[in-house]
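**Q** Pasting a structure here, questions to come.
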Amino acid sequence: MIGPSRPVFALFGSSIVELSSTHNGWGATLTFLYARKADIFLRGYGGWNSRKALEIYEKVFPKDAEIHPSLVIIYFGGNDSADPNFPYSSYIPLDEYVENMRKIVLHIKDLSEKTRLIMLTAPAVNEEQIVKTYGVNLGRTNERSKIYAEAGIKLGEELGVPTIDFFEALYGQPDVFWDGMHLTAKGSDILFKKIAKIIKEAEWEPSLDWDKMPTEFANIGTDAHLENLIKGTEDNIIGITKPKSQEINLATI
C-alpha cells in the first residue's frame, strides 16, 4: 500500500468492467478524470454472471477492511440474460439474478455510511454484429436483455440505488460495440456521461464530484495546463458549454 490515502472507486462486474481500460474505455476515462483525486480499482471478470459474483463479493468487499470504497459501480446482467438453450450458457433465471444482485448491493451498502453505489442494468446488444463477429449469437438477444434490464431498474428503485438503464442507453445506437457486445470508445462515452451526471447531481456528503474533491498535494504545486486539460475533458463529457477561449485542442498537447 502506498500513500497518501485517497478515496477509492471500485468498478465491479464482468467483461464490460474488465475491458473498461481498453478502447478508450469508461474506466480509463474515470482514472484520467480523477487523477490526484481518487484511486480507481477494476474488479472485472469476463464471462461471469451474478451467481459467480456471489461466490466472491465478500472477498472483493470485506467488511473488516481498513478502507472501504467511496463509490462502487456494479454491473452484472448481460451474461445472466443469455439464452438457457445456448451451449455452455451463462444464463441465470431472472428471479435468481435479482436476488443475487440484492445480496451484493445490500452487502456493499452496509460497508460504510459513506459508501455510494451506482448500478448498471443489463445492456442492449447488436445481434447482427455478434453473429458477424462470432458466427453465432452466443445466446444474446435484445428481447432477453430488456427483461433483465427492467428488473435491474426495479431493484435499484427498491433499494434506493441510482441505476443507469444501460439497455436504453445503447439500444439502436450505431458504432457503440466492436463485436456486438463490448463497448467501443463511443459506447464507453455514452456510459461515462451517464455516470458523470449521477455523480455531479448526487447530494452525497462528501461529494464525489471531481470539481469538489481536493487535489492531492495541491499546496506543493499543480500543473495548471494539465488541470485545465482535465477540467476541459470533464466539461466536454457532461456537456458544459465553455467559451471558445477556454477550449483545449487535444491535438496540440
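No value in this document is a laboratory result; all are computed from the given coordinates. Note that the coordinates shown come from a computational prediction; the quantities given were computed from them, not determined experimentally.
**Q** I want to verify a result. In a Gaussian network model of the chain, Cα cutoff 10 Å, which of these has the top mean-square fluctuation: I220, I73, I118?
**A** I220
**Q** Next question. Which far-off residues, 5 or more places away or on another chain, put their amide H under 5 Å from the one on F177, with H placed in the peptide plane?
**A** T184
**Q** Would you mind checking the tilt of helix 50-60 against the longest principal axis of the Cα atoms of the chain, expressed as 0 to 90 degrees and rounded to 10?
**A** With rounding to tens, the tilt is 40 degrees.
**Q** I would also like to ask the following. Pull up the cross-link candidates among the lysines for K212, meaning alpha carbon to alpha carbon under 17 Å and not fewer than 8 places away within one chain.
**A** List returned: K37, K114, K197, K200, K231.
**Q** So if the hydrodynamic radius of the chain is defined as the Kirkwood radius over C-alpha pairs, what does Stokes-Einstein give as its diffusion coefficient at 25 °C and 0.890 mPa s, in µm² per second?
**A** 129
**Q** Here's something else I'd like to know. Looking at the calculated P(r) for the range 83-213, what percent of the C-alpha pair distances fall above 18 Å?
**A** 61
**Q** When only alpha-carbon atoms count, how far does the range 1-116 stretch along each of its three principal axes, as whole angstroms with the largest first?
**A** Taking the Cα atoms of the range 1-116, the three principal extents are 50, 34, 20 Å.
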